[in-house]
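Structure first, then comments.
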Amino acid sequence: MKKVFLVIILFGAVIFSIEFFKIGRTTAYWKGSVRIADQTLEIIVTVENTLFGRTAGKISSPGQYVMNYPISNCTQTRDSLKFEMNENSPPTFFRGRINGTSISAHWIQGEKITPVSLAKTDRKTVSQAEANVMVNYARQFSINKKKVNWDSLEALK
């Protein structure tokens, strides 16, 4: 009985370590733009695949100050990427075909279907976009613009 309990504890510790320390995870970063309501929006999609086959993702739109918005029903295979954003009104669906370092996709929002092209990028580019959003947000919404040292904020980029 003690051996069975010990095996269960060890197995749980291994599973916890794999999930907690992100062992075996692969992360892909995709960047492109989508045209919605006569406006072109930059988007960055981050997709994580775990060792156990789960897929999770986030989407960012730096021009709208949206960073790391969770996406749902995310599935990625060797040659396709699909996800949804059900909390939007109307719900939004992304259906894409992966071709090496690019994705040719459709952005489906309500009755409107828009073609989208994404290119593979890296974590550094995503971090740069996040820093730009913080600086631009601070610039736009700072109450007393004279007290902000913009040179030090530019160093964040």
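The values are calculated or read from the model by the stated rules, or taken from the named source; none is laboratory data. Note that the structure is a prediction, hence the values are computed from the model and not measured. Ideal geometry is used to build each Cβ from the backbone, glycine not excepted, and the neighbour counts take in all protein chains shown.
Restricting the stretch 25-47 to residues that are among the hydroxyl-bearing types (Ser, Thr, Tyr) and at pLDDT below 90 leaves a set whose member that is surrounded by the fewest Cβ atoms within 10 Å (Cβ to Cβ) is Thr26. Among all residues of the stretch 71-92, there is none that is closer than 30 Å to Met134 by Cα, in contact (Cβ under 8 Å) with a residue 40 or more places away in the chain and among the aromatic types (Phe, Trp, Tyr). From the residues in the stretch 51-93 that are outside any strand (DSSP E or B), of a type outside the set (Phe, Trp, Tyr) and closer than 20 Å to Val126 by Cα, which one is nearest to the chain's Cα centre (by Cα)? Here the answer is Pro62. When Arg97 is tested against the conditions (1) loosely packed, with under 15 Cβ neighbours inside 10 Å; (2) in contact with an Asp or Glu (Cβ under 8 Å, 6 or more places away or on another chain); (3) at pLDDT below 90, the lone failure is (3). Considering only the stretch 26-50, how many residues are part of a loop (DSSP other than H, G, I, E, B) and either touching a residue at least 24 places away in the same chain (Cβ under 8 Å) or basic (Lys, Arg) (or both)? Summing the residues that are part of a loop (DSSP other than H, G, I, E, B) and either touching a residue at least 24 places away in the same chain (Cβ under 8 Å) or basic (Lys, Arg) (or both) in the stretch 26-50 gives 1. When every residue of the stretch 116-130 is checked against the conditions, at least one turns out to be among the polar types (S, T, N, Q), part of a strand (DSSP E or B) and surrounded by 13 or more Cβ atoms within 10 Å (Cβ to Cβ).
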